[in-house]
Amino acid sequence: AMLDVFSMLPSGFTLDIFGGGAENEISQLKKKVKDTPGVCFKGEAVDIKHVLRQYSVFLMTSRYEGFGQTLIEARSQGLPIIAFDTFDALSWIVLEGYNGYTIKENDNQKFSEKIVELCSNHDKYIGMSKNSLLKSIETDMDLIKEKWKMVL
């Protein structure tokens, strides 16, 4: 889906794909992106904060996520998020129009439109970036530890 979404974007956009998986899946992905200008498979990220700080928007086209930890990490670095609405926790992580967009599964056209909208409107982008940081306070480690202390 990500490559289909990317194919609908105007020229000038780039897409770096991170992640791991089964060797055959990674091999297939590498073949798909090899001849697609502007797309690069980067493999697994080690220093997540450093990697995320190099990007403008976090995109997720997964059909299923258990919780969405990568989205938590992305918003902690101020990245607006655009993701398919395919798992329950997404509505807690991304507030529609506040720190990103949730897109109906398989609506690749709308997904690409929201990327363009976000990246072409500086004020909207800055607002969503700030809101991602504000929303990330909910999962700040010190806050979580304090809540656990109160429960225990």
Matching option when the condition is at pLDDT 95 or above and acidic (Asp, Glu), among 146, 117: 117
Output for segment 68-119, where each listed residue is touching a residue at least 24 places away in the same chain (Cβ under 8 Å), within 19 Å of residue 131 (Cβ to Cβ) and aliphatic (A, V, I, L, M): 72, 74, 79, 81, 82, 83, 89, 90, 93, 95, 115, 118
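Considering only segment 6-16, I want to know if a residue exists there that is part of a helix (DSSP H, G or I) and open to solvent by less than 40 Å² (accessible area, probe 1.4 Å). I'd like the intermediate steps shown before the answer.
Kept after step one, since they are part of a helix (DSSP H, G or I), are these residues of segment 6-16: 6-7.
Then keep just the ones that are open to solvent by less than 40 Å² (accessible area, probe 1.4 Å); that gives 6.
So far as segment 6-16 goes, yes, one or more of its residues are part of a helix (DSSP H, G or I) and open to solvent by less than 40 Å² (accessible area, probe 1.4 Å).
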Cβ-Cβ under 6 Å pairs, at least 6 apart or on other chains, segment 39-55 side closer than 16 Å to residue 75 by Cα, far side of a type in the set (Val, Ile, Thr): none
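The values are calculated or read from the model by the stated rules, or taken from the named source; none is laboratory data. As the structure is a prediction and not an experimental result, all values here were calculated from the model. Cβ sites come from the backbone with ideal geometry, for glycine too, and all protein chains shown count toward neighbours. Side chains included, ligands, DNA and RNA excluded: accessible areas come from the protein's heavy atoms. Shrake-Rupley method; radii C 1.70, N 1.55, O 1.52, S 1.80 Å.
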